[in-house]
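*Asks:* The structure under discussion is supplied below as structure tokens; questions concerning it will follow.
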Amino acid sequence: MKPADAYQVCEEITRHEAKNFSYGIRLLHPPERAALSAVYALARRVDDIGDGDAAPAEKLAALDQVRGALHAIESSSTAPGGDGEDPVLVAVADAWRRYQLPLDAFDELIDGCETDVRGIAIGTEEDLISYCRKVAGSIGRLSLAVFGSRDPQRAPQLADALGVALQLTNILRDVVEDRQMGRVYLPADDAARLGLPADLQAPSAAIAELVAFECDRARRWFDEGLQLLPLLDHRSRACVGAMAGIYRRLLRRIEADPGAVTRVRLSLPVWEKAWVAAAALAGRPAIGGRRR
């Protein structure tokens, strides 16, 4: 399969599956948009394996297969995936050659997904941040390879921090849904301080108190990660500003009513996401600060 055709498949996956990220990705110039779509498509594949209905052993085998295919990219000058007909792997291989993608970041993502499959256990803040770095900070660093930056020394740390902020927001939004799947990402230490059991089998009001506490942590990671924006060119800054703006505004909604996450799955309406993206492209990132 030709890279151009492979990228087209990845962009189609991104348009249909990336409910929030697609608003930022579409603001990039075509080459960068294609490369970042390839990154998203492979990350989506990894996530889908981890969240699927297969037995744990089958999931781990499938994740190991993806890991092996990624390692083959670095050791081959041709498109990976057997006969080269896997569009996602073909696109990632081409993006790796064009942008020097740090493929070890995909290894970290797979490590995080394997943790989910084997059974997540978050005891401390350090455990939580380590997990977020693996499953989201990794994507931030991969994205930065596509964007480039004015400060190659500082930018990776900020991209990582922004990934952590986005993942923490996801965790807060999905706290009840994840609990139903047997996954609890909020630290047991934090729950214990508020008198909650580690499995979060507790009244909604108690869960809301814990969520409110964790919102402060997520906001601090946003404060650090958003320092990345001035280090990017206009289109990359618009892309990141749109994605970060959507998630920061979602966090603001959770901050305003922490109990809402126990009743509904919060999200921004389509019109608001489009407005955030338009503002980011115009150079006015609608990040959405904390209510005063």
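*Asks:* Quick one: Debye curve from the alpha-carbon atoms of the range 153-292 only, equal weights, vacuum; give me log10 I(q)/I(0) at q = 0.12, 0.14 Å⁻¹ to two decimals.
*Replies:* Log10 of I(q)/I(0), two decimals: -0.50, -0.66.
*Asks:* Just going by the charge dipole of the range 120-292, with Lys and Arg at +1 and Asp and Glu at -1 on Cβ, which of V264, L231, L194 is farthest out on the positive end?
*Replies:* Checked the options; the winner is L231.
*Asks:* Also, quick follow-up: Could you tell me which of A155, N170, A208 has its Cα farthest along the dipole of the range 120-292 towards the positive end, charges placed at Cβ (Lys, Arg +1; Asp, Glu -1), taken about the Cα centre?
*Replies:* Selected residue: A155.
*Asks:* Under a straight-distance cross-link criterion of Cα-Cα below 20 Å, which aspartates and glutamates are reachable from K2, leaving out those fewer than 8 residues away in the same chain?
*Replies:* Hits, sequence-local ones excluded: E11, E12, E32, E74, D83, E85, D86, D94.
*Asks:* What angle do you read, to the nearest 10 degrees and between 0 and 90, between the alpha-carbon axis of helix 30-51 and the longest principal axis of the chain?
*Replies:* 60
*Asks:* Looking at the square roots a ≥ b ≥ c of the eigenvalues of the Cα gyration tensor of the range 1-144, which shape do they give, rounded for a/c under 1.5, prolate if a/b is larger than b/c, or oblate?
*Replies:* Taking the square roots of the gyration eigenvalues as a ≥ b ≥ c, the range 1-144 is prolate.
*Asks:* With charges only on Cβ, +1 for K and R and -1 for D and E, what is the dipole size of the range 137-225 about its Cα centre, in debye, rounded to 20?
*Replies:* In debye, rounded to 20, the range 137-225 gives about 260.
*Asks:* Determine one quarter of the surface area of the Cα convex hull of the chain, which equals its mean projected area, and express it in nm² to one decimal.
*Replies:* In nm², the orientation-averaged hull projection of the chain is 14.9.
*Asks:* Could you name the lysines in cross-link range of K59, using Cα to Cα under 20 Å and dropping any fewer than eight places away on the same chain?
*Replies:* Those lysines meeting the cut-off are K134.
*Asks:* Now for a separate question. Of A41, A95, A55, which is farthest towards the positive pole of the range 1-101's charge dipole, taken about the Cα centre with +1 and -1 on the beta-carbons of Lys, Arg and Asp, Glu respectively?
*Replies:* It is A95, whose Cα lies furthest towards the positive end.
*Asks:* Let me ask something else about it. Could you state, as a whole-number percent, how many of the C-alpha pairs of the range 181-241 are farther apart than 20 Å?
*Replies:* Here the tail beyond 20 Å accounts for 46 percent of pairs.
*Asks:* Can you tell me how the range 199-274 classifies by the Cα gyration tensor, rounded, prolate or oblate, using a/c under 1.5 as the rounded cut?
*Replies:* Oblate is the answer for the range 199-274, as a/c is 1.5 or above yet b/c matches or exceeds a/b.
*Asks:* Using only Cα atoms, find the angle between the long axis of helix 270-281 and the longest principal axis of the chain, and express it within 0 to 90 degrees, rounded to the nearest 10.
*Replies:* 60
Values in this text are rule-based calculations from the coordinates and carry no lab data. Since this is a predicted model, take the numbers as computed values, not measurements. We place every Cβ from the backbone using ideal geometry, glycine too, and count neighbours over all the protein chains shown.
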